[in-house]
Amino acid sequence: MNTVFPVPLKPVIQPPAMVEETLGVEERVTLKARIKTLMAQQDAVLVAHYYTSADLQDLAEETGGCVSDSLEMARFGHAHPAKTLIVAGVKFMGETAKILNPAKRVVMPDLQADCSLDLACPADEFAAFCDAHPDRLSVVYANTSAAVKARADWVVTSGIAARIVKHLHRQGHKLLWAPDRHLGDYVQRISGADMLLWQGSCVVHEAFKAEALKKLHLDYPNAAVLVHPESPESVIALADVVGSTTQLIEAVRTLPNPEFIVATDNGIFHKMRAVASGKILLEAPTAGEGATCTSCAHCPWMAMNGLRNLAAVLESSEGGKNGGNEIHIEESIRARARLSLQKMLDFAAAEKAAQPPPGD
């Protein structure tokens, strides 16, 4: 049974106003050329999340970088020989890259690009959550700060969370979960594990509406419904595929359906169109019954990333000057966070090698 830890209720995280970068053709060409020059001078590689702008995703691929989910972004940066990692995403992604790549300089276009899940799970309150239940292992979603990861026993991504929790459940462990209650509930239901859930949520995924989704599906009966598990249970229940960003992109590529209703951040549509250009992509409704908005399923913090501020960051670092929106993590926190992340990496490696997963 899920039990809510009695933490004091906090106000709903209020996201910043949505401000998406708009560029003319000439400015886009000029900015990209300047950024490429600066990246070469600073031995930098760009890793971008699927939810960032098409401009940044294209630039990452044009310069030998990576467009992926948060964990693969960090792993790519670790394997790449570049001395500087540019992380286009939200702050916990930059921190994850630094946790796994302490010797590299990690910078971001905007350090104010945060995450409602991270903000809703302060490290001191999470530590109290753990201290109140010493008999339970703590499992945290990657969408958390370095300090929360340092306090946790395991870190997971949405793509591997259920498999790790099933493994821990088979070993007889009771668990604490933070911060996303919807993902935690989904994992608990399919794993059968005894989990106490923190009560955070993503401002984008929480907004999807089941009744409006049903009506949209009636208009497009041949569409497959793709849902990220950060969405409410009522939305997940309507899904043909529930999965991480990478898994949803793969579903668009491989499923025969001509149309897809997608319940995740609409930034993912750029990659989906690249892998399945002839298919129709529809946003799951996010505002009331019958909602048909075409741009509301987008994270305003992700939208803070753009070519203009990326160029400014690299300009501020040119010639060895200070600045550049660099990620710094106190070493004792980074080292402990690395341990909880490494458990997930080892588990994934063991799965890939078809070996028994590592113990605790």
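Annotations for the structure displayed:
- Scanning segment 77-90 for residues that are aliphatic (A, V, I, L, M), open to solvent by less than 40 Å² (accessible area, probe 1.4 Å) and without any contact (Cβ under 8 Å) to a residue 40 or more places away in the chain yields one hit, Ala82.
- For Ala303, the criteria (1) of a type in the set (A, V, I, L, M); (2) at pLDDT below 90; (3) in contact with a Gly (Cβ under 9 Å, 6 or more places away or on another chain) hold in every case but one, which is (2).
- Entirely in segment 41-126, the helices (runs of 4 or more DSSP H) that have 2 or more residues that are within 20 Å of Tyr141 (Cβ to Cβ) and of a type outside the set (Ser, Thr, Tyr): 70-79, 91-100, 116-119
- Note on segment 206-248: residues that are in contact with a strand residue (DSSP E or B) (Cβ under 9 Å, 6 or more places away or on another chain) and either among the β-branched types (Val, Ile, Thr) or in contact (Cβ under 8 Å) with a residue 60 or more places away in the chain (or both) total 17.
- Hits in segment 151-166 (condition: of a type outside the set (S, T, N, Q) and crowded, with 22+ Cβ neighbours inside 10 Å): Arg151, Ala152, Trp154, Val155, Val156, Ala161, Ile164, Val165
- If only residues of segment 223-268 that are among the charged types (D, E, K, R) and closer than 20 Å to Arg163 by Cα are counted, the one that is surrounded by the fewest Cβ atoms within 10 Å (Cβ to Cβ) is Glu233.
- Among residues of segment 96-117 being out of contact with any strand residue (DSSP E or B) (no Cβ under 8 Å at 6 or more places or on another chain) and crowded, with 24+ Cβ neighbours inside 10 Å, the one that is nearest to Val203 (Cα to Cα) is Cys115.
- Any hit, segment 334-343, residues being within 18 Å of the chain's Cα centre (by Cα), among the small types (Gly, Ala, Ser), closer than 16 Å to Ala48 by Cβ and at pLDDT 95 or above: no
- Which listed residue is within 17 Å of Ala88 (Cα to Cα) and either in contact (Cβ under 8 Å) with a residue 24 or more places away in the chain or open to solvent by 20 Å² or more (accessible area, probe 1.4 Å) (or both), from Ala147, Ala142: Ala142
- Any hit, segment 59-76, residues being open to solvent by 10 Å² or more (accessible area, probe 1.4 Å), closer than 20 Å to Arg28 by Cβ and under 16 Å from the mean Cα position of the chain (by Cα): yes
- For segment 165-190, the tally of residues that are assigned to a strand (DSSP E or B) and touching a Lys or Arg at 6+ places or on another chain (Cβ under 8 Å) stands at 2.
- For segment 174-181, the criterion of being open to solvent by less than 10 Å² (accessible area, probe 1.4 Å) and over 27 Å from Ser68 (Cα atoms) is met by at least one residue.
- Taking the criterion of being touching a helix residue (DSSP H, G or I) at 6+ places or on another chain (Cβ under 6 Å) and within 16 Å of Arg151 (Cβ to Cβ), the only residue of segment 110-120 that qualifies is Asp118.
- For segment 37-54, filtering for residues that are crowded, with 21+ Cβ neighbours inside 10 Å and touching a Lys or Arg at 6+ places or on another chain (Cβ under 8 Å) leaves 2.
- Here Ala284 fulfils each of the conditions (1) surrounded by 22 or more Cβ atoms within 10 Å (Cβ to Cβ); (2) in contact with a Leu (Cβ under 6 Å, 6 or more places away or on another chain); (3) within 25 Å of Ala17 (Cα to Cα); (4) at pLDDT 95 or above apart from (4).
- From the options Gln188, Gln199, residue that is more than 19 Å from the chain's Cα centre (by Cα), of a type in the set (S, T, N, Q) and open to solvent by 10 Å² or more (accessible area, probe 1.4 Å): Gln188
The values are calculated or read from the model by the stated rules, or taken from the named source; none is laboratory data. Not measured: the values here are computed from a predicted model. Backbone-built Cβ (ideal geometry, glycine too); neighbour counts: all protein chains shown. In case anyone asks, the SASA skips ligands and DNA or RNA and just uses the protein heavy atoms, side chains included. Shrake-Rupley method; radii C 1.70, N 1.55, O 1.52, S 1.80 Å.
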